[in-house]
Amino acid sequence: MATDLGKTNANLDFSRRALLRASLTFGGGLALHAILPNVAGAANDGAATEGSALTAFVRIAPDGVVTILSKNPEIGQGIRTMLPMIIAEELDVAWKDVRIEQAPLNEGVFGRQHAGGSNSTPENYMPLRRVGAAGRRMLIAAAAQEWSVAADECDTDAGVVQHRKSGRSLSYGALAAKAAQQEVPDLASVKLKDPKTFKIIGKRIPGVENAKIVTGQPIFGIDVTVPGMLHAVFEKCPVFGGKVSSANIDAIKALPGVHDAFIIHATEANPSKDPEGIVDGVVIVAKSWWTANKAREKLAIVWDEGPSSTHSSEGYAAQAEKMLSGAPSTLLRNDGDPDTALKGAAKIVEASYSYPFLSHLVLEPQNCTAHFSNGKIDLWAPAQNPGPGQKLVAKTLGLEEKDVIVHVTRGGGGFGRRLQSDFMAEAAWISRKIGAPVKLLWNRRDDMQHDFYRPAGFHKFKAGLDDKGALVAFTDHFITFGKGGKPANSSATMPATEFPAQLVPHLRFGQSVIESSVPTGPMRAPRSNALGFVFQSFMDELAHAAVRDPLEFSLALLGEARSLPTDPAKPDPQRDFNTGRMRNVLLHVAEISAWKDRGQLPRGTGKGVAFYFSHLGYFAEVVQATVSDTGAIKIDHVWVVGDIGSQIINPAGAEHQAQGAALDGLGAALGQAVTIEKGRVTQANFDSVLPLRIDQAPRVDVEFITSNFPPTGLGEPALPPVAPALCNAIFAATGKRIRQLPIDTRLLKA
Amino acid sequence: MVYIIEVNGSKRTVDVDPDMPLLWVLRDELDLKGSKFGCGGGFCGACTVHVDGQPTRSCQVPISTIGSAPIATIEGIAANPIGAKLQAAWMELDVPQCGYCQAGQIMSATGLLTSKPRPTDQDIDAAMSGNVCRCCSYTRIRAGIKHVAEGK
Ligand code: FES
Ligand code: FES
């Protein structure tokens, strides 16, 4: 609890756009209040929050216990452990003395509080170091004052300030109250530690909630209980965009244990047709979730299925084939003269690739607990993007944002699904309607059939090699999904800079769009998760066509180390694609996987390599796989090498993310597709969409190369190379090329 | 219907429909939220508990079939020496990622090590392949089981 007793020396630093303020806590400790920059450095309005009851970011109690808020949602990416490590390091406290609390949602104070785009590290690494360092300076200043010595004669270690000359020392706890009276250092110029002296950053720190997890404590969204809470299910139209005509509401209400049932019409609950907003359906509220869910068996709804009911995956594929036989409707990039260059090429290679819609398959189904009372609403949700969730609820209920209080819980997986907040809007609407707290929980069918799917896609490549086997011309016609001729969202797009753009003199990317109302959205490594597969598989085809080692072919194409600007008018060497960093990870993965010895592998076993740059991370991966005569695939081993900058903050978490991403990509390649028939998803559970299981999970070796670039995120970039590396390994093992995901093992029979 | 069941060594009384699965009795009637709902179809193992010492998918077992069989859940598994060792190994090896599947993993692993104290990789595959981990912490789940089997 912070009071305003202390010195409120606000320190607005426009260059870093962060603000720090110190105060004394009720218990006589030090509280540091930070206001962090919002999205990509856009300044928060410090003045608006100054003077309001700020939540202390860091508290040091007189007993030496340090409490640090973890600002971003935890969905298994380890952020709740990693962000506090950064502050603790610069503050110079012992990790055992650190307690972590989840920060409330307040993006005006904490900056962006999302779990997406592998952004948490690049957005927070420097600001949080500065907050910790400023706190340390204040504790040193307090000690120096106490001892009447110069501050630069003092140093710190594990929560203690020392004056070596006189052999005196004082704990942070003892100094906390005095530190609160010190001038707050300038965040922009506060001295940071030399990374060589780091004691916490760079150490393997286990997850801070592991003890709660292994003992079954109620820490997930689904575990939330509010006194007087009822339970709800929401049956939505299986056909996207369908509407409720009528339903046997009275019969449902009469079932034992059912508290209420009603229809929600999107025209009323989502008049602006927000893609994340409420869709038509029927709500059943009961005293237990089981009772509510069971009542669905008796539910009889007449749907107006609307125009999408004729859509199907097969129909989409037929449309794509037709589109691919013509010219693209939009030109994404055109360099040189690809048509003439193709005519003059010594060898032409053509291939068509495709990949399906995918569901996120978070293990904890979507859920949200909501309590509307007196014009305000509290929501407890495993949200990945609580800020926009708050806005959506405010819009749905016609409330002011300040009256929507979001409590972020731990999430049982995210993978991008919980960046959309549809489940929060639904729970909010239901709670207000029934006038009671309610927990809305989706069942697995709801979760699989009402996702924001990874968009499916199709590509037709044509490339030309010269007589030395060098790539001289390259074209791609990309078919995606959307409306009005435009891709549905950024996840359904392809960047004009997609590799090998800028490395081939004559290159054209074109795009056409299939009209569809299948909801789509970001999934772990959005667009890269699909583009990595098609481009890196086709590169392997080109290398084989050129009779060259795929590794050597890629290295030659990457050429010398340089930065290829995303926007030539605004080169940014820290964010642009750096061919040298990619060469380094490729060379290293070749070394640790014994790439050059792959000729000695037994019959039916092969190695494949692939690489990808996404979310500022550079990854190269090798997969070794064995294919039996029946076509069964056994993945023997995966090697992952990444470059995510100068510092791996938590090597344990980093290894887990890289292993998890690689295995996730393999699982999707082996057994996952969402197919549409009659406008609806046909799969409903893990018997038809297959998550990777332990008996399929190979050993994954992970190594990082550190480079002289700012540390970047890791939730995503290890995923894109793994599927093409697997398919390239299958080609090496069998001579058969996989051009469609998920892999159809029938095609691999000897 | 009123049922008296034995959960983690205590007798508990519940008044529920006979077809209510044990999972929902535990979670919503007895407020034992450690056992998780993942699929409701027996495909993911997040709801695994022990019924009479056997790892069981609690989403698939109606309360009416339990009778006097003792039930153990993640909240009570520390009373089982193997369960306690697995919990410690999970912490030491930092097995969890999101953690949602891990109660089920530990319950299945306890069952495995009870019947096979020195499991082979194939034994681990057979006993654990019903437990999905969407974060793919499988490398460490395997290591955690071996850690306990090898008495580390
Ligand atoms: S919830 Fe019981 S097996 Fe998935
Ligand atoms: S740790 Fe996330 S599902 Fe296993």
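For a quick check of your reading of the model, give me the residue pairs whose first member lies in region B:1-14 and is assigned to a strand (DSSP E or B), whose second is open to solvent by less than 90 Å² (accessible area, probe 1.4 Å) and of a type in the set (A, V, I, L, M, F, W, C), with beta-carbon atoms closer than 6 Å and at least 6 apart or on different chains. What qualifies is B:TYR3/B:VAL14; B:TYR3/B:ILE63; B:ILE5/B:ILE66; B:VAL7/B:ILE71; B:ARG12/B:ILE5; B:ARG12/B:LEU30; B:VAL14/B:VAL25. Criterion applied to B:ASP94, B:ASP125 was being more than 16 Å from ligand 1 (Cβ to nearest atom), facing another protein chain (nearest Cβ under 7 Å) and surrounded by fewer than 21 Cβ atoms within 10 Å (Cβ to Cβ), and the one residue passing it is B:ASP125.
Working carefully through the options A:GLN181, A:GLN162, find the one that is open to solvent by 20 Å² or more (accessible area, probe 1.4 Å), touching a Gly at 6+ places or on another chain (Cβ under 9 Å) and not in a helix (DSSP H, G or I).
A:GLN181
Are any of the residues in region A:64-87 without any contact (Cβ under 8 Å) to a residue 12 or more places away in the chain and either open to solvent by 20 Å² or more (accessible area, probe 1.4 Å) or among the charged types (D, E, K, R) (or both)? Among the residues of region A:64-87, not one is without any contact (Cβ under 8 Å) to a residue 12 or more places away in the chain and either open to solvent by 20 Å² or more (accessible area, probe 1.4 Å) or among the charged types (D, E, K, R) (or both), which makes the answer no. Of the residues making up region A:316-365, those that are of a type in the set (S, T, N, Q), in contact (Cβ under 8 Å) with a residue 40 or more places away in the chain and open to solvent by 50 Å² or more (accessible area, probe 1.4 Å) are A:GLN319, A:SER329, A:THR330, A:ASN334, A:THR340, A:SER352.
Of all the listed residues (B:GLN60, B:GLN54), the sole one being of a type outside the set (A, V, I, L, M), within 11 Å of ligand 1 (Cβ to nearest atom) and open to solvent by 40 Å² or more (accessible area, probe 1.4 Å) is B:GLN60. Whenever a residue of region B:31-46 is at the interface with chain A (Cβ under 7 Å from one of its Cβ atoms) and within 15 Å of B:GLY130 (Cβ to Cβ), its partners that are open to solvent by 10 Å² or more (accessible area, probe 1.4 Å) and within 6 Å of ligand 1 (Cβ to nearest atom), lying with C-beta atoms within less than 7 angstrom and at least six residues away or across chains, give the pairs B:GLY40/B:CYS59. When we screen A:PRO698, A:PRO721, A:PRO711, A:PRO717 for residues that are more than 26 Å from A:TYR353 (Cβ to Cβ) and in contact (Cβ under 8 Å) with a residue 40 or more places away in the chain, the only hit is A:PRO711. Applying a threshold of 8 Å to beta carbon distances and a minimum spacing of six or more residues, or different chains, the list of pairs starting in region A:401-412 at a residue that is over 14 Å from A:THR369 (Cβ atoms) and ending at one that is hydroxyl-bearing (Ser, Thr, Tyr) and within 16 Å of ligand 1 (Cβ to nearest atom) reads A:GLY412/B:TYR100.
I'm trying to understand the selection: among the residues of region A:303-315, which are in contact (Cβ under 8 Å) with a residue 60 or more places away in the chain and open to solvent by less than 40 Å² (accessible area, probe 1.4 Å)? A:GLY306, A:SER308, A:SER309, A:SER312, A:SER313 - these are the residues of region A:303-315 that are in contact (Cβ under 8 Å) with a residue 60 or more places away in the chain and open to solvent by less than 40 Å² (accessible area, probe 1.4 Å). Looking across region B:97-120, the residues that are facing another protein chain (nearest Cβ under 10 Å) and without any contact (Cβ under 8 Å) to a residue 40 or more places away in the chain come down to B:CYS98, B:GLY99, B:GLN102, B:ILE106.
Of the residues making up region A:121-150, those that are touching a residue at least 40 places away in the same chain (Cβ under 8 Å) and open to solvent by less than 10 Å² (accessible area, probe 1.4 Å) are A:ASN124, A:LEU128, A:VAL131, A:GLY132, A:ALA133, A:ALA134, A:GLY135, A:MET138, A:LEU139, A:ALA142. Just name the residue that is farthest from the other protein chains (Cβ to nearest Cβ) out of those in region A:240-264 that are open to solvent by less than 70 Å² (accessible area, probe 1.4 Å) and part of a loop (DSSP other than H, G, I, E, B). Looking at residues that are open to solvent by less than 70 Å² (accessible area, probe 1.4 Å) and part of a loop (DSSP other than H, G, I, E, B), I get A:GLY241. Looking across region B:19-30 at every residue that is at the interface with chain A (Cβ under 7 Å from one of its Cβ atoms) and more than 16 Å from the chain's Cα centre (by Cα), the one that is farthest from ligand 2 (Cβ to nearest atom) is identified as B:MET20.
Could you tell me how many of the residues in region A:384-407 are within 14 Å of chain B (Cβ to nearest Cβ) and of a type in the set (A, V, I, L, M)?
0
How many residues are among the polar types (S, T, N, Q) and touching a Ser or Thr at 6+ places or on another chain (Cβ under 7 Å) when one looks only at region A:313-329?
2
Here B:GLN87 fulfils each of the conditions (1) buried (at least 21 other Cβ atoms within 10 Å of the Cβ); (2) within 16 Å of ligand 1 (Cβ to nearest atom) apart from (2). Checked against (1) of a type outside the set (S, T, N, Q); (2) away from ligand 2 (no atom under 16 Å from the Cβ); (3) part of a loop (DSSP other than H, G, I, E, B); (4) open to solvent by 20 Å² or more (accessible area, probe 1.4 Å), B:PHE43 meets all criteria but (2). When restricted to residues that are of a type in the set (D, E, K, R), surrounded by fewer than 16 Cβ atoms within 10 Å (Cβ to Cβ) and in contact with a Pro (Cβ under 7 Å, 6 or more places away or on another chain), region A:534-571 contains 0. Scoring A:ALA211 on the criteria (1) within 14 Å of chain B (Cβ to nearest Cβ); (2) in a loop (DSSP other than H, G, I, E, B) leaves a single failure, condition (2).
Scanning region B:128-152 for residues that are among the polar types (S, T, N, Q) and within 16 Å of ligand 1 (Cβ to nearest atom) turns up B:SER129, B:ASN131. Whether a residue is modelled with pLDDT under 95, open to solvent by 10 Å² or more (accessible area, probe 1.4 Å) and not basic (Lys, Arg) was assessed, and A:SER491 does not pass this test.
The values are calculated or read from the model by the stated rules, or taken from the named source; none is laboratory data. Since the model is a prediction, treat every value here as computed from it, not as a measurement. Counting neighbours? That spans all protein chains shown, and the Cβs are built from the backbone with ideal geometry, glycine included. Remember, those area values only see protein heavy atoms, side chains included, never the ligands or the DNA or RNA. Shrake-Rupley method; radii C 1.70, N 1.55, O 1.52, S 1.80 Å.
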